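The structure appears right after this line, and notes come after that.
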Amino acid sequence: MFGLIGHSTSLASAVEKARMLGYDDHAEGDMERWCSSPPQLLENFKLTSKTGKLIEGAYIDSCFLPEMLPGKFKTAVRKVQNAMALAQKYGLNVTALGGFTSIIFENFDLAKFQKVRSTLLEWKRFTTGNTHTAWVICRQVEENAPRLGIDLAKARVAVVGASGDIGSAVCRWLSRCTGVKDLLLVARHRGRLQALHDELGSGTVLSLDEALCQADVVVWVASLYQTLRIDPASLRQPCLMVDGGYPKNLDTRVSLPNLHVIKGGIVEFFSDIAWTMMQVAEMERPQRQMFACFAEAMLLEFEGLHTNFSWGRNNITLENMETIGMASLRHGFRAIGLDHPALVTA
Ligand code: NDP
């Protein structure tokens, strides 16, 4: 059995979810109530791969809310540790740390704190899901840019959050496997970007404003809580944006006739799953669509790979991306793309 650890995108959406699921005390509670809430196993469900293999999973809400950061970091840390301890208590073989939970784990170096009260956490039972997320985002770039007439061999691709775990993997893949013309590397700290640039032997370190006005494709994988406003007039046209952040990094009100935004790192399963969790995550097809990091736990369970496949920072290899990507296709997942009939048939 596999597990998924998630959280709501805001207090407002958490309250709405609690109301929908009949957790009235949480629905009426304020931020303090959520700060003191233990994790909850909300749902069990099953799914069958295209290969015919049946697996069973569980969804755990950590009761973390993005509003807890940066002020209540001890609470945020406790939420993640308690949710992991609960997953282990239920004997889940492999559990994905969704949304901010993997970022909290890494940023607060929780690998140093293996003991949560009486539970010694076994790291091999957990994965960040970032290898599959990075592979899916690259696939979204490769499949959708040509539909807009963007030739990736001649294109400039900006990666916002390039020095992060997912961002650096996306950069490696796009430069070595896809062969984009130029990668524009964006983040706040230049030192880590420079190290990535040295590793890749290519790419250009730029500020966000400098990159946006040159990019044919923009991949957003920054760990931002609040969405960014961008000036549409500064963008190239056509421009493909793959918004992989959680919550989404982009202000969706940005609109231009030739600006195409895809929800990044989202996959669709080939058949319906009897669960409600993706409904509350506002997926367009909640019975089939989900975050790629969650799908990684499912893939590891389908493949019998009970190991922390994605772990630590900037360890994602091209080989592992290929392995999880092939498993993804084999078991019936596809990356979501531009839903535009004229483009799909072009
Ligand atoms: P990391 O913490 O490893 O990396 C975050 C990156 O964002 C770093 O390069 C950081 O560099 C950069 N960054 C942070 N703030 C800013 C800013 N204001 N402007 C520009 N760059 C910034 O995160 P991950 O790679 O693990 O995750 C990236 C995103 O992907 C997150 O939003 C996460 O929630 C989402 N995600 C989506 C999944 C899915 O299934 N769809 C799964 C897992 C994660 P610096 O600090 O130098 O600015």
- Item | 20 Å binning of all Cα-Cα separations within the chain, expressed as whole percents from 0 upward | 32, 59, 9
- Note on the structure: One point scatterer per Cα, no solvent, Debye formula: log10 I(q)/I(0) for the range 203-346 at q = 0.08, 0.11, 0.15 Å⁻¹ comes out as -0.27, -0.51, -0.94
- Message: Against the 2.2 N^0.38 Å scaling, with N counting residues, where does the range 133-264 land? I'd like the Cα-based Rg ratio to two decimal places.
- Response: 0.93
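First compute the accessible area of the chain with a 1.4 Å probe, then give the percent of it belonging to carbon and sulfur atoms.
50
Roughly how many Å² is the accessible area per residue of the chain, as a whole number, for a 1.4 Å probe?
43
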- Quick calc, the chain, dipole around Cα centre from Cβ unit charges on Lys, Arg (+) and Asp, Glu (-), nearest 20 debye, gives 520
- Nearest 20 debye, what's the magnitude of the dipole of the range 133-264 about its Cα centre given +1 on Lys and Arg Cβ and -1 on Asp and Glu Cβ? 120
- Query: Which values, in whole Å and largest first, are the semi-axes of the equivalent ellipsoid of the range 19-141 obtained as the square root of 5 times each eigenvalue of the Cα gyration tensor?
  - Reply: 25, 19, 17
- Message: As an exercise, find the ratio Rg/Rh for the range 106-181 from alpha-carbon atoms, using the Kirkwood inverse-distance average for Rh.
- Response: 1.18
- Message: For the chain, what does the relative contact order come out to in percent, with C-alpha contacts under 8 Å and a separation of six or more?
- Response: 20
- Query: Cα centroids of the range 226-243 and the range 63-108: how far apart, whole angstrom?
  - Reply: 31
- Task: With label points built 7 Å along Cα→Cβ from the Cα atoms of Lys124 and Asp272, find their separation and express it in nm.
- Result: 3.9
- Task: Pick out which of Ala169, Ala153, Ala58 has the largest mean-square fluctuation in a Gaussian network model of the chain, springs linking Cα atoms closer than 10 Å.
- Result: Ala153
- Select from Cys213, Thr48, His189 the residue farthest towards the positive end of the dipole of the chain; place +1 on Cβ of Lys and Arg, -1 on Cβ of Asp and Glu, and compute about the Cα centre. His189
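Using DSSP loop states and a limit of at most 10 other Cβ atoms within 10 Å to flag trypsin sites (Lys or Arg not before Pro), what is the longest stretch of the chain containing no flagged site?
Longest gap between qualifying sites, sites excluded: 1-116.
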- Theoretical gain in end-to-end length, Leu41 to Asn107 [0.36 nm per residue, Cα-Cα removed]: 21.3 nm
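The values are calculated or read from the model by the stated rules, or taken from the named source; none is laboratory data. What you see is a predicted model; the values in this text were computed from it and never measured. Every residue, glycine as well, gets a Cβ built from its backbone with ideal geometry; the counts of neighbours run over all protein chains shown. Remember, those area values only see protein heavy atoms, side chains included, never the ligands or the DNA or RNA. Shrake-Rupley method; radii C 1.70, N 1.55, O 1.52, S 1.80 Å.
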